[in-house]
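To start, the structure under review is shown below, and the notes come after it.
Coordinate-derived values only; no laboratory data. Just so you know, these numbers come straight off a predicted model, no measurement behind them. Here the Cβ positions follow ideal geometry from the backbone for every residue, glycine too, while neighbour counts run over all protein chains shown.
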Amino acid sequence: MPHPLEADLKAAVEAGYQGIEIWKSKLDAFLQKNGIRELKASLRDCGLEVASLCPFGGYVFCSEEEFERRIGELKPYLELAHEIECPTFVVCAENPYEKEGGLREALIAHSNRLSRLAALAEVYGITIAMEWFWNLKDAFEVLARASEESLGMILDTFHWYRGDGRLDHVDLIPYKRLILVHVNDCENLPREVLTDKNRVYCGLGVIPLSQILRKLKGLGYRGYLSVEIFRDEYWRRDALTIAKESLAHLRKVGMEASVL
């Protein structure tokens, strides 16, 4: 995370990645010094696909006026994503369990607002991938209620483990709506105390990644496995070291699961 987008691109291609997710704040910093033409040239020179732009959020529980304002702010990013052939925006869900009115109303609000967002994004050829942080089955209900089939979801192995950690819920994922998988591991701590800082490289923690990857392959998922680890210990290393270590651990787990 401390490294700029330029370093991310260079490290990703040298380490052997096929694609990259572009972090919004890094994109903003890049565009303060460069233009879209320079970004397209950098991606072309690297030969990397852009899996997504991330993260975006704050569209669900805000007022209608605020929602329209945020939509207006989003449109330049949709135009940019179309230019660089980025197919997906990652949009964070908002805690439905603390919302006044109850869980059902909160899930309906997610379906309604994110469907509207997906309809706009589809004009630009972009899919909205909702990132859910809690019980996975509630995410399925959001998708089932959505008016736009272009609204999909991310499976993040850390959020799955901290949220409910049930392997049978992975079997229930509507695979045609599964757009992206964030794959990571975590320390052996009680779920209620886990934070992003407890993530570790794949295979070094307690998340049953091999089982999850086999299930995803069985469902027919053929999209990206995107390593996402927020750990200060790792961030102190140079970008290329982080990229190489992340990919080496992912490949090891993938080989053990017989999916790579």
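Observations on the model:
- Ordering of 178-185, 166-173, 66-73 by burial proxy (mean other Cβ atoms within 10 Å per residue, highest first): 178-185, 166-173, 66-73
- Taking amide H atoms as placed 1.01 Å from N in the peptide plane, the amide H of residue 207 lies under 5 Å from those of 186, each 5 or more residues away in sequence or on another chain.
- Cα pair count fraction exceeding 12 Å, expressed as % - the range 175-223: 66 percent
- The chain - percent relative contact order, Cα under 8 Å, separation 6 or more: 16 percent
- Two-decimal Rg/Rh across the range 9-107, once Rg and the Kirkwood Rh are taken from alpha-carbon atoms: 1.08
- Taking 0.36 nm per residue of separation and subtracting the Cα-Cα distance, full extension of the segment from residue 120 to residue 46 would add 23.7 nm.
- Mean shadow area of the range 119-216 over all directions, Cα convex hull, nm²: 6.6 nm²
- Sum of -39500 (n - 2.57) over DSSP H runs of 4+, divided by residues of the chain (222 nm, nearest 500): -15000 deg cm²/dmol
- Descending principal axes extents, the chain, alpha-carbon based, whole Å: 47, 44, 33
- Using a cut-off of 19 Å between Cα atoms, the listed pairs 75/99; 10/40; 24/215; 24/176; 10/244 include 75/99; 24/215; 24/176 as exceeding that distance.
- Taking θ as phi - 60° and the Karplus parameters 6.51, -1.76 and 1.60, the scalar couplings of the range 143-151 work out to 5, 5, 7, 5, 7, 10, 6, 6, 7 Hz in sequence order, x denoting glycine and proline.
- One compactness figure for the range 102-160 is 1.09, namely its Cα radius of gyration divided by 2.2 N^0.38 Å.
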